[in-house]
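Single-structure report; data block below.
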Amino acid sequence: MLSIALQYGVPLDMIRGATTRNPPHLAAVPERVATMVTKECFGCEKVTSHEHLHDCAPGIPETHLVGSERFVCVLCKHVTFAGSDGASRFPFMFDKVPAGR
């Protein structure tokens, strides 16, 4: 993955930062966009801030990689994707949330 990112001209410091901020299976994309929202977390069962993240295509910050949008609890790091239980509580903007979740 590193060689692909480097071929697209992504600076090495951006790649290193992305791999330490994202879980390993999501670290292949060097850019992400983040905002915060406060909701109840299914992981720690507390009302906490959640970081709203999605991955961008390498070198194109205005893009969104399908399936990468998620909310991450700042306390316990529990991740909620659009297809997971409780997703309807969060304001997903890009990935569709299945009805009844």
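Contact order for segment 49-97, expressed relative to its length and based on alpha carbon pairs under 8 Å spaced 6+ residues apart, stands at 30 percent. For Lys96, the lysines whose Cα falls under 20 Å of its own Cα, not counting residues fewer than eight places away in the same chain, are Lys39.
Quick note: the coordinates plus some simple rules give every number you see, no bench work behind them. The structure displayed is predicted, hence computed values, not measured ones.
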